[in-house]
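S.K.: Once you've had a glance at the structure underneath, I'll fire off some questions.
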Amino acid sequence: MQRSIDRRACLALALTAALSAALPLQAGAQNAFPTKPITLIVPFPAGGSTDRHLRIVAQDASKYLGQPVIVENRPGAGGTLGPATMAKTAKPDGYTISLYTLAMLRMPYMQKSSWDPINDFTFILGLSGYTFGFTVRADSPYKTFNEYIEAARKAPGTIDYGSTGVGSSPHLLIEEVAINAKVKLNHVPFKGNADMQQALLGGHVMAQSDATGWDQFVDAGKMRLLVTFGEKRTTRWPDVPTAQELGYKVVSTSPYGLAGPKGMDPAVVKTLHDAFKRALFDPASMEVMKQLNQEPAYRNSEDYKAWAQATFVKEKTLIEYLGLMAKN
């Protein structure tokens with residue numbers, strides 16, 4: 001009888017040991033991330049400057065994650081439709097993330113929104129910022145930005161320009177110029193810069209305010225760059241003045257990065273952060289940023305959230321100044 005009990009005890013101990021040894025492997029398998037493709041939402045049409053950069057970054061991040069990162073374009077609402085929809089519908093499992101732009105921190109002041117720009121998101125990392133410029137067709141009668149502004153002064157409300165949507169940085173910086181110059185411009189919003197560029201080239205709009213999606217057209221002699229909005233002149237177009245040089249106190253770079261839905265596992269956030277940080281500084285990404293006259297504007301997850309919180313407070317002042325606050 002004793003031998004039978006001892007044998008059963010030994011078998012039980014052996015089974016317990018085997019199960020204990022298997023548990024870490026099973027837990028590791030369950031916690032592995034990623035195990036399937038990741039969707040990266042870009043809230044602008046394909047072919048624009050942001051899309052160009054994000055596709056390269058996604059391609060390089062795929063190598064480090066061991067799974068494809070698939071770019072999905074969801075344009076609309078000045079770049080807020082894609083991330084706002086993600087925040088409300090996507091699971092916080094890391095398999096759906098989105099580009100997060102400065103427009104996300106402005107739109108809630110300008111119209112009633114069903115999402116919170118801070119609390120409905122998990123911030124992953126900051127990536128870069130834009131070089132904004134104002135362009136016309138090469139055959140436009142406006143040779144300088146001041147000539148364009150003077151035309152608006154003589155014919156209020158008839159001189160138009162396009163941007164990537166109401167509340168976008170390209171829109172607000174020109175409205176800020178217009179207020180300072182005491183002129184009235186006619187704003188024409190587009191879903192993204194690809195369709196806006198075609199409208200400009202087709203003569204359907206007089207000018208455009210945008211990030212450097214226009215670079216290829218300027219270099220090809222199809223568009224004329226009148227002004228840029230950085231702290232200093234660009235190295236690529238050194239003959240083009242900044243808005244500050246022309247007397248307009250307007251500077252904008254509009255940082256952007258990646259975010260996911262609220263409630264993401266910190267370990268998943270770190271995996272995404274580490275892969276996309278490596279991809280940001282890969283040669284292919286650096287080359288595209290050079291072409292777009294951009295620089296890395298890397299922020300880790302904590303710093304990116306802190307930047308968003310501080311910027312959300314600051315943006316209220318700008319929206320009030322421009323008279324764009326939503327009416328209750």
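The values are calculated or read from the model by the stated rules, or taken from the named source; none is laboratory data. Keep in mind it's a predicted model, so treat the numbers as computed, not measured. All Cβ positions, glycine included, derive from the backbone under ideal geometry; neighbour counts span all protein chains shown.
S.K.: State which residue is surrounded by the most Cβ atoms within 10 Å (Cβ to Cβ) when the search covers only segment 171-209 and only residues that are within 18 Å of GLY323 (Cβ to Cβ) and touching an Asp or Glu at 6+ places or on another chain (Cβ under 8 Å).
M.R.: Filtering segment 171-209 for residues that are within 18 Å of GLY323 (Cβ to Cβ) and touching an Asp or Glu at 6+ places or on another chain (Cβ under 8 Å), the one surrounded by the most Cβ atoms within 10 Å (Cβ to Cβ) comes out as LEU185.
Listed here are the residues, each with its yes/no results for (1) at pLDDT 95 or above; (2) farther than 23 Å from GLY82 by Cβ; (3) assigned to a strand (DSSP E or B).
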{"site": "ALA103", "(1), (2), (3)": "no, no, no"}
{"site": "GLU147", "(1), (2), (3)": "yes, yes, no"}
{"site": "GLY157", "(1), (2), (3)": "no, yes, no"}
{"site": "GLY165", "(1), (2), (3)": "no, no, no"}
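S.K.: Next question, about the same structure. Of all residues in segment 115-144, which are in contact with a Lys or Arg (Cβ under 7 Å, 6 or more places away or on another chain), of a type in the set (S, T, N, Q) and under 22 Å from THR164 (Cβ atoms)?
M.R.: THR135, SER140, listed by residue number.
S.K.: Taking PRO117, is it part of a loop (DSSP other than H, G, I, E, B), of a type outside the set (A, V, I, L, M) and touching a helix residue (DSSP H, G or I) at 6+ places or on another chain (Cβ under 6 Å)? Step through it out loud before you land on a result.
M.R.: Details: part of a loop (DSSP other than H, G, I, E, B): yes; of a type outside the set (A, V, I, L, M): yes; touching a helix residue (DSSP H, G or I) at 6+ places or on another chain (Cβ under 6 Å): yes.
Spelling it out, PRO117 is indeed part of a loop (DSSP other than H, G, I, E, B), of a type outside the set (A, V, I, L, M) and touching a helix residue (DSSP H, G or I) at 6+ places or on another chain (Cβ under 6 Å).
S.K.: Also: In segment 112-144, how many residues are of a type in the set (Lys, Arg) and within 17 Å of VAL227 (Cα to Cα)? Lay out the reasoning, then the answer.
M.R.: Looking only at segment 112-144, we keep the residues that are of a type in the set (Lys, Arg), and these are 112, 137, 143.
Next cut, within 17 Å of VAL227 (Cα to Cα) only: 137, 143.
The number of residues fulfilling the criteria is 2.
S.K.: Among the residues of segment 31-90, which ones are in a helix (DSSP H, G or I), of a type outside the set (D, E, K, R) and under 23 Å from PRO283 (Cα atoms)? Full working, then the answer.
M.R.: At the first step, the residues of segment 31-90 found to be in a helix (DSSP H, G or I) are 31, 49-65, 77-79, 81-89.
Now restrict to residues that are of a type outside the set (D, E, K, R): 31, 49-50, 53-54, 56-59, 61-62, 64-65, 77-79, 81-87, 89.
Across segment 31-90, the qualifying residues are SER49, THR50, HIS53, LEU54, ILE56, VAL57, ALA58, GLN59, ALA61, SER62, TYR64, LEU65.
S.K.: Cβ contacts < 6 Å: first residue in contact (Cβ under 8 Å) with a residue 40 or more places away in the chain and on the phi > 0 side of the Ramachandran plot, restricted to segment 59-86; second residue among the small types (Gly, Ala, Ser) and assigned to a helix (DSSP H, G or I), any location; separation 6+ or different chain. Result?
M.R.: What qualifies is GLY78/ALA103; GLY79/ALA103.
S.K.: In segment 167-195, which residue that is within 18 Å of GLU150 (Cβ to Cβ) and small (Gly, Ala, Ser) is nearest to the chain's Cα centre (by Cα)?
M.R.: That would be ALA178.
Residue by residue, here is whether (1) touching a Cys at 6+ places or on another chain (Cβ under 9 Å); (2) over 22 Å from SER254 (Cβ atoms); (3) hydrophobic (A, V, I, L, M, F, W, C) holds:
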residue: LYS36; (1), (2), (3): no, yes, no
residue: PHE44; (1), (2), (3): no, no, yes
residue: ARG74; (1), (2), (3): no, no, no
residue: LYS91; (1), (2), (3): no, yes, no
residue: GLN111; (1), (2), (3): no, no, no
residue: ASP139; (1), (2), (3): no, yes, no
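S.K.: Kindly indicate which of LEU258, LEU246 is among the hydrophobic types (A, V, I, L, M, F, W, C), under 16 Å from the mean Cα position of the chain (by Cα) and within 30 Å of HIS187 (Cα to Cα). Full working, then the answer.
M.R.: Details: LEU246 fails: under 16 Å from the mean Cα position of the chain (by Cα).
Unique residue meeting the criteria: LEU258.
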